[in-house]
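Q: This is the structure, below, for whatever I ask next.
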Amino acid sequence: MSTAHVPDAASDWSVSWRSLAAGGCVAVVVAAYLSVLYDVVTVVDDPTLFVGVVVGAVVLAGVLRALPWTYAVGLASAILVGGLGLYLSAVPPAYFDALSPLRVLQDTVALLTGYSVLRMPAAGAWATAVAPAPTFLAAYLAFRGQHTRAAGVAAATLGFFVLTGDSTTTTTLVGVLAAAGAVGFGTLAAHAASARQTQVLTVALAVMIVGSATVTAVPGGQSPLVPASSSNPSAGSLVSADGYVDVGGSLDLDPRVQFVVESERASYYQAGVYDRYTGDGWVRTADVGSATAPAPTGERVRQRITAERTLDVLPSAPVPLSVSGIDAEVADGGLLVDGPTLRAGDSYVVESRRPVNDSVDLSRETGAVPDRVAATYLQLPDSTDDRVVDLAASLTEGAESNSEHAAALERWLEANKQYSLDAPKPDDDLVTEFVLGDAPGYCTYFASAMTVMLRSQGVPARFVTGFTPGQQVAEDEWVVRGLDSHAWVEVYVPDRGWVRFDPTPSGERTSVEQQRITAARASGTESVDAAGSQDGTWTPTNETTTTTATTETTSAGVGQSDAPTEQAAYGVGNLEGRYSDPANVTPPTGPGGATGSSGGPTLPPASTLLVWGVLVGGAVAGARYSGLSGRVYRAVCLRWLPRGDPREEVEEAFERVEYVLERQHRERESGETVRDFVADVHADDRARRVAALRERARYAGRVDRADAAEARRLARSLAAENSRLPDPRR
């Protein structure tokens, strides 16, 4: 018999499975950018329509796969233009009115330089509008077997979201590897490559994963091979000029002085307003500022703010009316914007009008909320747990006004949740785990929880960052440190505007902050003090308390003239009897009766499992390519023969003999009898004897224990002699 050859059917199968692998890789790249868009949609909208248009795009590509290439590109372009047209009909009228070619160019450049899609108005509509066009084109090319082109379309789309900053490291890595796999497997299928070439490609993909896990362009970047750790990197302040605030993980705030304030009254200093909650952070969208509110009717306050170090924000007491000393604007959202970065010694003056803080007066305001405010400040992501909604409803039962809802939730959070800067980073939705669990949190946890719970009850609320009043060092002067950076809640009260509520326990927060200031002084940290703050907190001369270092514990974090007054005014005690005491309400339990998230082991994220799957596949291919798997098989499986029925033992022994013969000579062809195969390869007497025993056991049914023992002994002998021979199929 001639030397064996690979049958045509096997060749066809080899090409088919490589083509299938290439198509699967294309699908992974498409899924990578669709996962980014899906996350955007679930934050702001119901994803049903999004899923429908994506499925429709794939089905359409399958139906029109015979369409010429140029027509397919034209159809994809038409789908994209039509989708963007529908998106423009969903954006706020103010944005549409300001639309111009220059505005479109500016927005495009912004997206390509890190402006997150989540910051766009009607972000869910935009994601639904742009998803079908690249999906249709990539699917069309994949159905036609043009896997390289399909991977290029999908990879380019994913690259867009890498530039916007919306694609995570793991999503990007998986997409890049899948694109490389699509090109590689598609090329192998087109040229009917050998199994060894396929193994080389698989190993190359695995090496790419290992390289990305050990060498990263981002210092301190998280490896995609393992889930994220339970804490975030330390931060000197919660306040920044970024349009996104990540919530969760331990925090190390800067004890050094940030700025000094000269003013008649202590105030919270507002620096950032955020409207869109993502489940693990807050985003400031283009809608912030467009939802105007009535002008505050409280007293005026004037502040001179002098920077002690570089500041990229312009804090001010709410609500700013005018600013002088720097070139900045007062936005409708109650912020100073478009100003310069301040250096040490720079100063500016802000005139503000404080909101009314009379709880009785505010509780009477039960008027209608403007549509624009409701559309912007009632958003909740799909991850919001129904148990959180139900708890908020029970806590605010009987409340009639927005301020009464806010007071109830504020008091419950203060009474039932623990404060700590060493809070764990949640694995799932932050508010769900914090509200229903027993882990501690700091101000961003408290403010996020209250904002979400208020929105779930139809009360417009927003997440605000800035600074507490700081340490008072004179009758009209305060020193504000990084430790005084803070987050709180602003609630929309009809006919009154935005009113501040602070659910974070002030006593616990102040104590933690003062401990860190004391430790920083003891360690010799520079710039912890300014304007005489090292001498202790200033107190009025007509009080019996003296100005000593021991009095700092009452005001290192919260000014004593502003915060307690408003906290008392908003307290539930003023509304007692109107509805049930929220401090006595217990959160609903999670699965298994435990509060919050269920215990026990949990699987890593799907993206991590996918990357590990590719890595394991590469390791297996490498083992086969190097012959390691064969050596392991010969060392263990060839010599280990289980005991059992004599006929089964003989069959197992022959399987090992056949494996040795195939390694020495060639594979047994389909339809070739055992007798012909053994004769053609000129097998020795041991192999012929085992083959004869197998033939007698299978067809004559005559085999006993002695025959089985002989077959096992001969099979082991052949395996031992041939364990070091190279595989001729390599």
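Q: Need one number: convex hull volume per residue for segment 395-446, Cα atoms only, in Å³.
A: 82 Å³
Q: Rg(Cα) of segment 400-526 divided by 2.2 N^0.38 Å?
A: Relative to the rule-of-thumb radius for its length, segment 400-526 sits at 1.16.
Q: Mind ordering 339-352, 394-407 by average Cβ neighbours within 10 Å, highest first?
A: My ranking of the peptides, most packed first, is 394-407, 339-352.
Q: Using per-residue counts of other Cβ atoms within 10 Å, averaged over each peptide, order 59-66, 437-444 from highest down. Can you show the working numbers first?
A: Values: 59-66: 14.8, 437-444: 20.8.
Per-residue mean Cβ counts within 10 Å order the peptides as 437-444, 59-66.
Q: Then there's this: From the phi angles alone, apply the Karplus equation (6.51, -1.76, 1.60; θ = phi - 60°) to segment 405-412 and give each ³J(HN,Hα) in whole Hz, x where the residue is Gly or Pro.
A: Whole-Hz 3J(HN,Hα) from phi for segment 405-412: 4, 5, 4, 5, 5, 4, 5, 5.
Q: May I ask for the net charge around ALA151, where only other residues with Cβ less than 15 Å from the Cβ of ALA151 are counted and Lys, Arg are +1 while Asp, Glu are -1?
A: Net charge in that neighbourhood comes out at +3.
Q: Right, here's the next one. What ranking do 427-433, 451-457 get when scored by the average of other Cβ atoms within 10 Å per residue, highest first?
A: By packing density, highest mean first, the sequence is 451-457, 427-433.
Q: From the phi of every residue in segment 314-328, what ³J(HN,Hα) in whole Hz does the Karplus formula 6.51 cos²θ - 1.76 cosθ + 1.60 yield, where θ is phi - 60° and glycine or proline is x?
A: With coefficients 6.51, -1.76 and 1.60, one gets 10, x, 7, 5, x, 9, x, 10, 7, 9, 9, x, 9, 8, 9 Hz.
Q: Same structure, new question: Report ³J(HN,Hα) in whole Hz for each residue of segment 348-355, in order, from the Karplus equation J = 6.51 cos²θ - 1.76 cosθ + 1.60 where θ = phi - 60°; Gly and Pro get x.
A: Along segment 348-355, the couplings run 8, 10, 10, 9, 10, 10, 6, x Hz.
Q: So what is the orientation-averaged projected area of segment 8-193, using the convex hull of its C-alpha atoms, in nm²?
A: Numbers: hull surface 45.5 nm².
Averaging across all directions leaves 11.4 nm² for the Cα convex hull.
Q: Under 5 Å between amide H atoms, partner at least 5 residues away or on a different chain: which partners does THR285 have, H built in plane at 1.01 Å?
A: ASP275, ARG276
Q: Excluding ASP242 itself, what net charge comes from residues whose Cβ is under 12 Å from its Cβ, given Lys and Arg +1 and Asp and Glu -1? Each step should come with its number before you reach the end.
A: On the way: positive: ARG119, ARG284; negative: ASP246, ASP312.
Surrounding charge for ASP242 is 0.
Every read-out reported here was derived from the displayed coordinates using simple, explicitly stated rules and does not represent laboratory data. Everything numeric in this text was worked out from a predicted model, so none of it was measured. Cβ sites come from the backbone with ideal geometry, for glycine too, and all protein chains shown count toward neighbours.
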